[in-house]
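Written below as structure tokens is the structure these notes are about.
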Amino acid sequence: MWGGRFAAGPSAIMREINASIPFDKALWRQDIAASKAHVGMLAAQGIVTVEDAELIAGGLDQVAAEYEASGVPENWDLEDIHMTTESRLAELIGPAAGRLHTARSRNDQVATDFRLWVRDAMDQAEEGLRQLQLALVARAGEHADSIMPGFTHLQTAQPVTLGHHLMAYCEMAGRDRSRFADARKRMNRSPLGAAALAGTGFPIDRFRTAEALGFDGPTDNSLDSVSDRDFALDYLMAAAQCSLHLSRLAEEFIIWASQPFGFVTLPDSLSTGSSIMPQKKNPDAAELVRGHSGRIVGCLTSLMITMKGLPLAYSKDMQDDKPPVFEAASLLALSIAAMTGMVAEATFRTDRMRAAAELGYATATDLADWLVRQANIPFREAHHITGSAVKLAESRGIALDQLPLEDLQAIDPRIDERVYAALSVEASVAARASHGGTAPVEVRKRVAEARIALGLEN
């Protein structure tokens, strides 16, 4: 493969460290597609004959059929998917196969193949997140009125609705989709034709190959074309952020499914049992999603460190760009699918949620707000009055709305019987009807908007 420059072949160590076919065989579809686009352009430009181009294209189709049926063979002497394909092509069609590599290098070839693969991964992640949003929106619509405790510091803070809580994750998934979309737009330029690093002396048409492969156009600097891996880093950064959101959602389900909470019953299909404790139903899928986020962040870190000090143009270090991207894409797809299934199939225990919302003096802020609105008391003073009321209720082991009026008036005489209407959890959530608030009417608005954005309604 290296031609006449070397008197001897590589050592066993060099052969093993140099081969990338065990992982870059995943690029075979992209390699076939890019090769067909390239040879079609060579024929159109008169660089190879139409007859040779047709023979090569037919041979590539046959190689693709073999790969589809039996997988890509791993001959480490051929190093990578590019030489593996070209070698098999030569076996099938003879010397004409050697014309395929005219006006290109493995440097621009792998840069093109990898971009195509990452572009597909971005599209798959975006569609997976859309399915997650659909599940979240459906369940949020079901539970626009279902009351649960809202937390800060994992302490009961204020009542919210389950629909509002689920729509928060719909917002996160929407931002994740936008990150993948932004990255896709930025990376959608073709490096094919940049050759090794300096371009080529053949009269190629890079715009033609870019269009054939669905790119917006060719890249504009041959040095950058073969050495750029920003598109892979952009994908990993979007994947890492997405995995953090999935991990947060997974953690919520883990907590909610625990016996002290009992807010949710997870689907059997996404749970496991214990080998020794027959009563156990473990949230293993959610825990693995939580764990996968660390691995995906690690993949991002790995590629960042690989790229941090590389001079222009291509360096062999960049062969290690693919394993972290492949790993992250696999983990992310599993995580999105697991959380989509969990959201769609979980049984929410709204009775337990509502009961928990009534504990912990979640409507204390409503008492303070009532004092501001009805008694014209400055909020800081109202905050102090409410704190005294909470302390009294806590000492008696009762809820705020169970305190007798005379006891509330002993704390502050400006409190009257109208206050009780503000202290129920229903009144609390209904009152928070500001844009983006937890009031059921607002949740339904957000659900309706999301349904339109997701293409469910006109």
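For the reader, a short list of remarks on this structure follows.
- Any hit, the range 115-134, residues being farther than 19 Å from ALA250 by Cβ, in contact with a Ser or Thr (Cβ under 6 Å, 6 or more places away or on another chain), crowded, with 22+ Cβ neighbours inside 10 Å and not small (Gly, Ala, Ser): no
- The residues of the range 175-214 that are closer than 30 Å to LEU136 by Cα and either surrounded by fewer than 18 Cβ atoms within 10 Å (Cβ to Cβ) or not assigned by the TED database to the domain that holds LEU136 (or both), listed by number, are ARG175, SER178, ALA181, ASP182, LYS185, ARG186.
- Every pair of residues 6+ apart whose Cβ atoms lie under 9 Å, when the first sits in the range 328-346 and is within 17 Å of ASP120 (Cβ to Cβ) while the second is at pLDDT 95 or above and of a type in the set (Phe, Trp, Tyr): ALA328/TYR235; ALA329/TRP117; ALA329/TYR235
- Neighbours by Cβ (under 8 Å, 6+ apart or cross-chain): first from the range 361-378, touching a residue at least 12 places away in the same chain (Cβ under 8 Å); second of a type in the set (Val, Ile, Thr) and outside any helix (DSSP H, G or I): TYR361/THR156; ALA362/THR156; LEU371/ILE377; LEU371/ILE415; ALA375/ILE415
- Among the residues making up the range 216-255, those that are of a type in the set (S, T, N, Q) and either surrounded by fewer than 22 Cβ atoms within 10 Å (Cβ to Cβ) or assigned to a helix (DSSP H, G or I) (or both) are ASN221, SER222, SER225, SER227, GLN241, SER243, SER247.
- Count of the range 406-423 residues which are open to solvent by less than 40 Å² (accessible area, probe 1.4 Å) and over 21 Å from PRO378 (Cβ atoms): 1
- Lone unmet requirement of (1) at pLDDT 95 or above; (2) of a type in the set (A, V, I, L, M, F, W, C); (3) surrounded by fewer than 21 Cβ atoms within 10 Å (Cβ to Cβ) for LEU154: (1)
- A single entry from ARG432, ARG414 fulfils the requirement of being charged (D, E, K, R) and farther than 30 Å from LEU136 by Cα: ARG414.
- Selection status of GLU381, surrounded by fewer than 19 Cβ atoms within 10 Å (Cβ to Cβ), in contact (Cβ under 8 Å) with a residue 24 or more places away in the chain and acidic (Asp, Glu): no
The values are calculated or read from the model by the stated rules, or taken from the named source; none is laboratory data. Everything numeric in this text was worked out from a predicted model, so none of it was measured. Ideal geometry is used to build each Cβ from the backbone, glycine not excepted, and the neighbour counts take in all protein chains shown. Remember, those area values only see protein heavy atoms, side chains included, never the ligands or the DNA or RNA. Shrake-Rupley method; radii C 1.70, N 1.55, O 1.52, S 1.80 Å.
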